[in-house]
Amino acid sequence: MSARPLLAIATLLSVMFGIGPLHLTASHAADEPQMSLTDVRDQGVHYFKRKRFKQAKRFLDRAFKMSGGPGDFLTVYYRGKLAYNQLLIERAMKMAETAAKLSMGNARRKRSVKGFVAEINGRFGRVNIKPARGETNKRGRIFFDSKTGILNKAKRQRFESIRERFRTTDISLPIQVFLPYGKYAANNVAFEVVEGDEPPNVGIYLQVDRATAEAAGAHKSNTWLYVGFGVGAAVAAGIGGYFLFFTEPPPPIETRGLEFMNLRRGL
């Protein structure tokens, strides 16, 4: 008998005879069904199509970490689509590139990935950010600023969202970042992202918190600054940061009340 009926019986007995709660043994708990990669992934895709993105992230991240997840086309493809929806463009492009490799031999999937990549490239361009000469900081933050007014409301919102992500967590260099096409500055170093051109290479000094850098011998302060040990410091302007592949620890997956879609007719 599975764990759920036993739990119901135990609860009923405790109420009828006042004998207190009865506990299931480990062997009974082991009777609980385990969700397969297909089950977890399908549930994530289902939530994504319902625009329930928080739940979709839970299941798709979980599926990606399961055995076979990184090699499962639907897991990788929809994890990329979700990242694009959340403007995590670096992850979206990485998932799209992986999905392209996994789609070999399937013309329909190959077309879907090609369209997805084209959509990303139609709105965002890559910039390669590397340490400036003499930079010795291992981790720090990047402040992005637009050098021209972005009139298109949707484009402006996309940039502001990406810029805001760079205000959260320290990063390491070098790093590839995707931004809407336009003129920008990263930690006061100007560059331009032009559709169809080669990605610009930008050397910067990371912005670090003096309080954090105190462990490395800097003076204590609550302000931010650009620190290029051996070269000098640049003037700071804004607060920024970026965390590229953060995922919350996957919560336990409930097997009750799950809705599944028939994806066999899809990709």
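Values in this text are rule-based calculations from the coordinates and carry no lab data. What you see is a predicted model; the values in this text were computed from it and never measured. Because the Cβ atoms are built from the backbone with ideal geometry, glycine has one as well, and the counts that use them run over all protein chains shown.
Brief remarks follow.
- Distant alpha-carbon pairs in the stretch 58-180 (separation over 20 angstrom), percent: 52 percent
- Each Lys or Arg adds one and each Asp or Glu takes one away; over the other residues whose Cβ falls under 10 Å from the Cβ of Ile204, this sums to 0.
- Cross-link partners of Lys130 among lysines, defined as those whose alpha carbon lies under 24 angstrom from its own and excluding same-chain residues fewer than eight positions apart: Lys94, Lys138, Lys147, Lys183.
- Spacing of the two label points (7 Å from each Cα toward its C-beta) at Lys138 and Ser67, in nm: 3.5 nm
- The Cβ shell under 12 Å around Asp170 holds other residues with a net charge of +3, Lys and Arg each +1, Asp and Glu each -1.
- Using 0.36 nm per residue and subtracting the Cα-Cα separation, the extra length available between Ile150 and Asn201 on full extension is 16.1 nm.
- Distant-in-sequence amide H partners of Thr136 (H built 1.01 Å from N, under 5 Å): Phe229
- A crude spin-label estimate for the pair Lys49 and Asn128, with each label 7 Å from Cα along the Cβ direction, gives 4.0 nm.
- Highest to lowest packing among 197-206, 46-55, 80-89, scored as the average C-beta count within 10 Å: 80-89, 197-206, 46-55
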